[in-house]
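Engineer: Sharing a structure with you now.
The values are calculated or read from the model by the stated rules, or taken from the named source; none is laboratory data. Computed from a predicted model, the values in this text were never measured in an experiment. We place every Cβ from the backbone using ideal geometry, glycine too, and count neighbours over all the protein chains shown.
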Amino acid sequence: MQSQMQKKTGPAMLAAAVGNGIFGFSFMFSRMAMDAASPLTLLMYRFTLAFLFINIVALWAHLTKKEGWLRFRIPWKKSLPLFVLGLLQPVIYFLCESWGIKLTNATVSGVIIALIPIAALGGGALFLKEKPSLPQIGFSLLCILGVIVMTLQQGESGGIQPLGIVLLVGAVLFGAMYNMFSRKISAAFSALERTYVMMLVGAVVFSLLACMENGFDSCKLFLPLQNAKFMLAMGYLSLFSSILAFLCLNYAATILPVSRSTAFCNLTTVLSVLAGVVFLQEPFTLLSGVAAVVIIIGVFGVQKT
């Protein structure tokens, strides 16, 4: 049994890297979409489209009787944990993250979100009895150092509101809770089953909130669809940053301890900074580059110790 799990470790690490790599560009696309729509309208379209597409995947998995991480046979009478997972992520997490992005910038958002592995490391030790080794703690602290330096550097550019920072910290806490809870229920529900209900909960809750925000005015709700950048962002955010990324992360949570699966969140920081600098012309300094290297070293160290 142990050798089988060891064989799955490599693919699980790759899945965690891919999922977080996709998230690295999501901050940029979210900023693009928010030029045409409010955070709630953005989330409505993102998760409604994601839910429509994941139904195709779920139907295929069910008809072909897939097993393992693609199994799709949800025992609905016992599905309460799945809906709790859906409230943690995407509902509460994305409410915090989206407004946090709106009140800061793509770079700082990615940097603060990189604190999720540290929160998850502590939570895993407290609630899942997954005690990290001293080297893992040391490399995690190295990641924190890189995050702090990068945050201070990017914060000097201005345009960052304190409330945005508070909301992003809230996203960190709920992001860590999601990672722990996804691992906790992974024995009962496959990665596809978990992702499917997450998309369902997100589509329902965000659609209701967006309709309320816009006074159930269909003209206001459909207006962003006339914006080409918004449509481009929705394609990325729904297909890649919702379905594919969460499938990868839920699969990784099934195999890897929380300390290892969440360490890859720090790659999100590096990619979000690069995307913000290259595509959104956000400021970047040599010290920020050094901090990015430190973060990568920290991620590598957590995986190897």
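Engineer: Go through segment 16-102 and tell me which helices (runs of 4 or more DSSP H), entirely inside it, have 1 or more residues that are among the hydroxyl-bearing types (Ser, Thr, Tyr). Talk me through it step by step, then tell me what you get.
Structural biologist: On the way: elements: 39-63, 80-86, 93-102.
Once the helices (runs of 4 or more DSSP H) in segment 16-102 are filtered for at least 1 residues that are among the hydroxyl-bearing types (Ser, Thr, Tyr), what remains is 39-63, 93-102.
Engineer: Continuing with the same structure: Take SER238 and decide whether it is touching a Lys or Arg at 6+ places or on another chain (Cβ under 7 Å), more than 23 Å from GLU67 (Cα to Cα) and either small (Gly, Ala, Ser) or free of Cβ contacts under 8 Å to residues at least 60 places away in the same chain (or both). Break it down into steps so the answer makes sense when it comes.
Structural biologist: Details: touching a Lys or Arg at 6+ places or on another chain (Cβ under 7 Å): yes; more than 23 Å from GLU67 (Cα to Cα): yes; either small (Gly, Ala, Ser) or free of Cβ contacts under 8 Å to residues at least 60 places away in the same chain (or both): yes.
Judged against the criteria, SER238 is a match.
Engineer: Of the residues SER259, SER242, SER272, SER207, only one is in a helix (DSSP H, G or I), among the hydroxyl-bearing types (Ser, Thr, Tyr) and more than 19 Å from the chain's Cα centre (by Cα); which? First the steps, then the outcome.
Structural biologist: Values: SER259 fails: more than 19 Å from the chain's Cα centre (by Cα); SER242 fails: more than 19 Å from the chain's Cα centre (by Cα); SER272 fails: more than 19 Å from the chain's Cα centre (by Cα).
Being in a helix (DSSP H, G or I), among the hydroxyl-bearing types (Ser, Thr, Tyr) and more than 19 Å from the chain's Cα centre (by Cα) holds for just one of SER259, SER242, SER272, SER207, which is SER207.
Engineer: Condition first: modelled with pLDDT of 75 or more and of a type in the set (Ser, Thr, Tyr). Now tell me which residues in segment 125-151 satisfy that.
Structural biologist: Those that are modelled with pLDDT of 75 or more and of a type in the set (Ser, Thr, Tyr): SER133, SER140.
Engineer: Of LEU14, LEU70, which residue is surrounded by fewer than 23 Cβ atoms within 10 Å (Cβ to Cβ), farther than 21 Å from ILE185 by Cβ and not aromatic (Phe, Trp, Tyr)? Before the answer, list the steps.
Structural biologist: Details: LEU70 fails: farther than 21 Å from ILE185 by Cβ.
Exactly one of LEU14, LEU70 is surrounded by fewer than 23 Cβ atoms within 10 Å (Cβ to Cβ), farther than 21 Å from ILE185 by Cβ and not aromatic (Phe, Trp, Tyr), namely LEU14.
Engineer: Sticking with this one: Test each condition in (1) more than 28 Å from PRO39 (Cβ to Cβ); (2) in contact (Cβ under 8 Å) with a residue 12 or more places away in the chain; (3) of a type outside the set (Gly, Ala, Ser) for HIS62 and report the one that comes out false.
Structural biologist: (2)
Engineer: Just wondering, is there one or more residues in segment 256-263 that are more than 30 Å from LYS78 (Cα to Cα) and modelled with pLDDT under 95?
Structural biologist: Taking segment 256-263 first, the residues more than 30 Å from LYS78 (Cα to Cα) are 263.
The next check asks that each one be modelled with pLDDT under 95; those that pass are 263.
Looking for residues that are more than 30 Å from LYS78 (Cα to Cα) and modelled with pLDDT under 95, one finds at least one in segment 256-263, hence yes.
Engineer: For ASN227, are the conditions met, namely being touching a Lys or Arg at 6+ places or on another chain (Cβ under 8 Å) and of a type outside the set (A, V, I, L, M, F, W, C)?
Structural biologist: no
For every residue, the table says whether it meets (1) among the β-branched types (Val, Ile, Thr); (2) over 27 Å from PHE181 (Cβ atoms).
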{"site": "GLY202", "(1), (2)": "no, no"}
{"site": "VAL205", "(1), (2)": "yes, no"}
{"site": "ASP217", "(1), (2)": "no, yes"}
{"site": "PHE240", "(1), (2)": "no, no"}
{"site": "PHE246", "(1), (2)": "no, no"}
{"site": "ARG260", "(1), (2)": "no, no"}
{"site": "VAL273", "(1), (2)": "yes, yes"}
{"site": "GLU282", "(1), (2)": "no, yes"}
{"site": "VAL290", "(1), (2)": "yes, yes"}
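Engineer: Of all residues in segment 48-107, which are within 18 Å of the chain's Cα centre (by Cα), modelled with pLDDT of 90 or more and not hydrophobic (A, V, I, L, M, F, W, C)? Show your work before the answer.
Structural biologist: Residues of segment 48-107 within 18 Å of the chain's Cα centre (by Cα): 48-51, 54, 82-102, 104-107.
Applying the additional criterion that residues be modelled with pLDDT of 90 or more yields 48-51, 54, 82-93, 95-96.
Answer for segment 48-107, where residues must be within 18 Å of the chain's Cα centre (by Cα), modelled with pLDDT of 90 or more and not hydrophobic (A, V, I, L, M, F, W, C): THR48, GLY86, GLN89, PRO90, TYR93.
Engineer: Check segment 281-301 and report whether any residue there is at positive phi and either in contact with a Lys or Arg (Cβ under 8 Å, 6 or more places away or on another chain) or at pLDDT below 95 (or both). It would help to see each step written out before you state the result.
Structural biologist: First, the residues of segment 281-301 that are at positive phi: 281.
The next check asks that each one be either in contact with a Lys or Arg (Cβ under 8 Å, 6 or more places away or on another chain) or at pLDDT below 95 (or both); those that pass are 281.
So far as segment 281-301 goes, yes, one or more of its residues are at positive phi and either in contact with a Lys or Arg (Cβ under 8 Å, 6 or more places away or on another chain) or at pLDDT below 95 (or both).
Engineer: Does ALA12 count as more than 20 Å from GLY235 (Cβ to Cβ) and either touching a Lys or Arg at 6+ places or on another chain (Cβ under 6 Å) or part of a helix (DSSP H, G or I) (or both)?
Structural biologist: Working: more than 20 Å from GLY235 (Cβ to Cβ): yes; either touching a Lys or Arg at 6+ places or on another chain (Cβ under 6 Å) or part of a helix (DSSP H, G or I) (or both): yes.
Yes.
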